[in-house]
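The values are calculated or read from the model by the stated rules, or taken from the named source; none is laboratory data. Quantities reported herein were computed from a predicted structural model and do not represent experimental measurements. All Cβ positions, even for glycine, are placed from backbone atoms using ideal geometry, and neighbour counts span all protein chains on display.
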Amino acid sequence: MSEYYQQIVCVSSPKYSVVIEDDGRVCYAYLLLERSIVSDVWLYNQDETPSRPPWASTGILPFLNPKEFAVDDPHFGPIRNEDDIKIECTSSDLETLMEARILINGRLAAVLKPGCKPGWSVNAKKD
């Protein structure tokens, strides 16, 4: 299992940044406005995808996404290095971020928007 962590500032709206965090079990992305999380999204599981929602039984954070919510054939796997990640931020001005698009290996993986929890992930089949 690989671990990965990176924080990327949104150049078009520098008060915002995207954190990608893979703890070796599961990977999430977080949209931060300065130091506050304003959106988050599950990207993938590295551990075996559980059949039942783990939030009802384990309490181990962050949660693995269960089979009910995860696609059967994930579109991408673990992030290996910073070259695998690209963040595209769309802003109306330096203060207002519209969305941050996460690309993994050149393919759209997820979209984060301020106030949208969760965001949208290609590996999720339902909210």
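Does any residue of the range 61-71 turn out to be charged (D, E, K, R), part of a loop (DSSP other than H, G, I, E, B) and within 18 Å of residue 120 (Cβ to Cβ)? First the steps, then the outcome.
First, the residues of the range 61-71 that are charged (D, E, K, R): 67-68.
If we keep only those that are part of a loop (DSSP other than H, G, I, E, B) too, we end up with 67-68.
After this cut, where a residue has to be within 18 Å of residue 120 (Cβ to Cβ) as well, the list is 68.
Yes, the conditions are met somewhere in the range 61-71.
For every residue, the table says whether it meets (1) within 14 Å of the chain's Cα centre (by Cα); (2) at pLDDT below 95; (3) closer than 13 Å to residue 121 by Cβ.
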| residue | (1), (2), (3) |
| --- | --- |
| 1 | no, yes, no |
| 7 | yes, no, no |
| 27 | yes, no, yes |
| 39 | yes, no, yes |
| 42 | yes, no, yes |
Select, from 21, 48, the only residue that is charged (D, E, K, R) and modelled with pLDDT of 95 or more.
-> 21
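Test of understanding: among 78, 54, which residue is touching a residue at least 60 places away in the same chain (Cβ under 8 Å), more than 17 Å from residue 9 (Cα to Cα) and either among the hydroxyl-bearing types (Ser, Thr, Tyr) or out of contact with any Pro (no Cβ under 6 Å at 6 or more places or on another chain) (or both)? Don't jump to the end; show me each part of the working.
Working: 54 fails: touching a residue at least 60 places away in the same chain (Cβ under 8 Å).
The match here is 78.
Quick one: which of 102, 20, 87, 37 is free of Cβ contacts under 8 Å to residues at least 12 places away in the same chain, assigned to a strand (DSSP E or B) and among the β-branched types (Val, Ile, Thr)? Explain how you work it out, then say what you get.
On the way: 102 fails: free of Cβ contacts under 8 Å to residues at least 12 places away in the same chain; 20 fails: free of Cβ contacts under 8 Å to residues at least 12 places away in the same chain; 87 fails: free of Cβ contacts under 8 Å to residues at least 12 places away in the same chain.
Answer to the selection: 37.
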Selection from the range 88-122 of residues that are crowded, with 17+ Cβ neighbours inside 10 Å, polar (S, T, N, Q) and modelled with pLDDT under 95 | 91
How many residues of the range 60-83 are under 18 Å from residue 24 (Cβ atoms), at pLDDT below 90 and out of contact with any strand residue (DSSP E or B) (no Cβ under 6 Å at 6 or more places or on another chain)? The answer is 4
